[in-house]
Amino acid sequence: MLVDLERLIGLQQVDLRLRELSRQIEEFPGRRKQAEAELARARDELARHRAAHTESLKARKKLELDVQQFDERIRKHKEQMYEVKSNEAYRALQHEADEEERQKAGAEDKVLEAMISAEEEENAIKKAEAELKQVEARVTTALRELDAAQKALEKEAADLRAQRESLRAGVDEDMLQMYDRIAGGHGGIAMAEAREEVCQVCRIHIRPQTFAEVKRNDQIHTCESCHRILYYVRPPAAAAEAAGEQPAAAGN
């Protein structure tokens, strides 16, 4: 195979892998953000239940104070009922006492509701605390794995960039410019395998004579349709057969 062609094939593989690595590395901030958002939601959920529990306790305390005040007013009205001399004044005090009894009963019902709400929020807090603990462990592990994965990909990318420079340095300048021009205009893909008289990138038929020349891999041919640089890969059986024939030929 033409040395420059072989190096261009290798360069194409390196370039494509580098593009994929770049895409994957660019995803890491978003993946970290997702993990951290899950943790933030769990913390917000716990904070919400704690705030609701505090409000329930405050409401209960205020309602209990209201009940005490109603008791005090009812007691005073009943004491006043023994001091009045007219039936009209007595009935007025009785009416006020009955109304305050009604309001007291409503306040007591609300005290019970606040107690139930506080108990529900206590249970919710315990559940949210347990969930937060699990999320913290899960997110910590996920972030650690993301860091390790990113470092591994960055190292691979650095190694490939060094390999890329080495490959480019060994390619004829004119051929390298052709490769860059084609790659730049075709989504980074400058090379196309020719197989069974078909370009494997654009899927257009290659003329038999051209395909026969491409199979030799001893000069540069481009696809008449997509204009990518064509190359041929021998099937494994044919490659093994060709390799097996070489020692015999050398021995003759």
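The values are calculated or read from the model by the stated rules, or taken from the named source; none is laboratory data. Worth saying up front: this structure is predicted, and the values here are computed from it rather than measured. Positions of Cβ are backbone-derived with ideal geometry, glycine not excepted, and every protein chain shown enters the neighbour counts.
Return yes when ALA51 is among the aliphatic types (A, V, I, L, M), in a helix (DSSP H, G or I), in the same structural domain as LYS133 (by TED's automatic domain parsing) and without any contact (Cβ under 8 Å) to a residue 40 or more places away in the chain and no when it is not. Against the criterion (among the aliphatic types (A, V, I, L, M), in a helix (DSSP H, G or I), in the same structural domain as LYS133 (by TED's automatic domain parsing) and without any contact (Cβ under 8 Å) to a residue 40 or more places away in the chain), ALA51 qualifies.
If the condition is being touching a Phe, Trp or Tyr at 6+ places or on another chain (Cβ under 8 Å) and in a loop (DSSP other than H, G, I, E, B), then segment 144-172 contributes only VAL171.
If only residues of segment 222-232 that are surrounded by fewer than 19 Cβ atoms within 10 Å (Cβ to Cβ) and in contact with a strand residue (DSSP E or B) (Cβ under 6 Å, 6 or more places away or on another chain) are counted, the one that is farthest from GLY185 (Cα to Cα) is TYR232. Of the residues making up segment 108-142, those that are of a type in the set (A, V, I, L, M, F, W, C), farther than 15 Å from LYS58 by Cβ and surrounded by 14 or more Cβ atoms within 10 Å (Cβ to Cβ) are ALA124, ILE125, ALA128, LEU132, VAL135, VAL139, ALA142.
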